[in-house]
Each structure stands twice: as C-alpha cells, then as structure tokens.
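A quick write-up on the structure given underneath.
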Amino acid sequence: MAFTAKDVMELREKTGVGMLDCKKALSETNGDMEKAVQYLREKGIAAAAKRQSRIAAEGAVFSYIHMNGTIGVLVEINCETDFVAKSPAFQELGHDIAVHIAAANPKYVNVDEVDTAVLDQEKEILRAQALNEGKPAAVVDKMVEGRIKKFYKEVVLMEQEWVRDPSKTIANLVSDAVNKIGEKISIRRFVRYQMGEGLEKRKDDFVEEVKKQSGLQ
C-alpha cells in the first residue's frame, strides 16, 4: 500500500514522532496507518528497554482551579526521576495540560481507553447519519472512519489540539517536552470537576470562559 506526505503528517500528529521515523514506520507497514502507530509504540518500548528498563514512575499531580471556582482539574503526569519532576520545564508542562483539560474537557487520556461500547455506539450513529445524508453504502465505512478520527479529537486528550496552539496536539506537546527534558513522560490519569455538573441549571459556556480568563484568547 502506497502512502503520501499527508499520511506522514497524519502519523506525526497522532504520535508526535519525527517525520523521518514516521516515513520509516509507514514504509515498514506498507502504508497501514494503525500498524504504523503500533510500530512506533513498539519502537518506543524498545528504546525504553535499552535505557536500563527505566520506567516513568516519578512525577507529580498538578491542579488547576478556574478563578471563579466553576471548574477544577487534577492530572497525574509521570517522568523517570524526581529531579525532572521538580524542574521548571516539567512544572510548566503540567500546568499547561491541567489548563487544557479544564478548557477542552476530554474524557480519556489515550485512544485505547475509549470504551468499546461507546465507540460502537458512536460508529452506529455516524453510519446512520451518513446513510441519511444519502451517501452510497460503499463509501459509508470510509466516512465513518474519518468521522471517528474527529470524534477522537473531541474526547481523547492526546488527540486534542492544544488550546494555546492549535497547530499542536497534546501528543506533540508531550513529545516536545520529552525532547527538551530527555526523559520519558506520560500522562497517567486526570479528573475534571465542573461545579453543578449533572444538575439542571443555567448553561454557561465554561470552555470559552476558561480560555478567556486563562489568556488563551
């Protein structure tokens, strides 16, 4: 299967890996995007093993409270050493990600965390929408695949565009920090609280408010 420059860019956006490594991954997997992602993940695991099997077991829990108390975020970000966990670059990354979570409201850290039942339901909805739009059945599956990628960008933290710089995903942001700091960094988990969530009340645009008050607009 052949691949294009657009495919290389898409793989880079998905993984945060350099262009040359993305091209190599697509070459090794005959242009199969999902296999290329897996290839790069396995390569990362192999690289970590070469570093004396060190794992990201240190780190810190970062918090962000929206200034009027309507939204609160806790996020655990791991690195390899306590020294890096206390460094300004790591602290800045943690703050940026906590603010992003407050503004963008992701539901999962990574794509593989999306519940299968939720994903199947979303695919059925998207398939029905495509058919209702009068699209030929032969192209519906491809349309659903494309729209699922958009769904991931909406609900998966690592796939989302960074609110401070939409030209980067959170995966890119983390990858840049890894290159700068020189250690493995991973976002383990997060929780986001929104005041009154689930209760019937006046609906405000909290996302836009967070962006405005955090200097993101």
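The values are calculated or read from the model by the stated rules, or taken from the named source; none is laboratory data. As the structure is a computational prediction, the values presented were derived from the model and not from experiment. Here the Cβ positions follow ideal geometry from the backbone for every residue, glycine too, while neighbour counts run over all protein chains shown.
State all residues of the stretch 150-168 that are of a type in the set (V, I, T) and either part of a strand (DSSP E or B) or over 13 Å from D96 (Cα atoms) (or both); if no residue qualifies, say none.
The answer is V155, V156.
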Hey, R164 among the charged types (D, E, K, R), in contact (Cβ under 8 Å) with a residue 12 or more places away in the chain and closer than 30 Å to I65 by Cα or not: yes
Residue that is more than 29 Å from N68 (Cα to Cα) and of a type in the set (V, I, T), where the choices are V191, V109, V114: V114
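Kindly indicate whether any position in the stretch 62-69 is of a type in the set (G, A, S) and at pLDDT below 95. Lay out the reasoning, then the answer.
Here is the first cut: in the stretch 62-69, the residues of a type in the set (G, A, S) are 63, 69.
Checking which are at pLDDT below 95 leaves us with 69.
Taking every residue of the stretch 62-69 in turn, at least one turns out to be of a type in the set (G, A, S) and at pLDDT below 95.
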Any hit, the stretch 103-112, residues being in a loop (DSSP other than H, G, I, E, B) and more than 21 Å from D165 (Cα to Cα): no
Of all residues making up the stretch 61-82, the number that are part of a strand (DSSP E or B) and surrounded by fewer than 19 Cβ atoms within 10 Å (Cβ to Cβ): 7
Set A130, A117, A104, A85: member being over 14 Å from the mean Cα position of the chain (by Cα), at pLDDT 85 or above and surrounded by 13 or more Cβ atoms within 10 Å (Cβ to Cβ): A85
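Conditions tested, residue by residue: (1) touching a residue at least 24 places away in the same chain (Cβ under 8 Å); (2) touching an Asp or Glu at 6+ places or on another chain (Cβ under 8 Å); (3) not assigned by TED's automatic domain parsing to the domain that holds Y64.
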{"site": "F83", "(1), (2), (3)": "no, no, no"}
{"site": "F90", "(1), (2), (3)": "yes, no, no"}
{"site": "V99", "(1), (2), (3)": "yes, no, no"}
{"site": "Q129", "(1), (2), (3)": "no, no, yes"}
{"site": "G134", "(1), (2), (3)": "no, no, yes"}
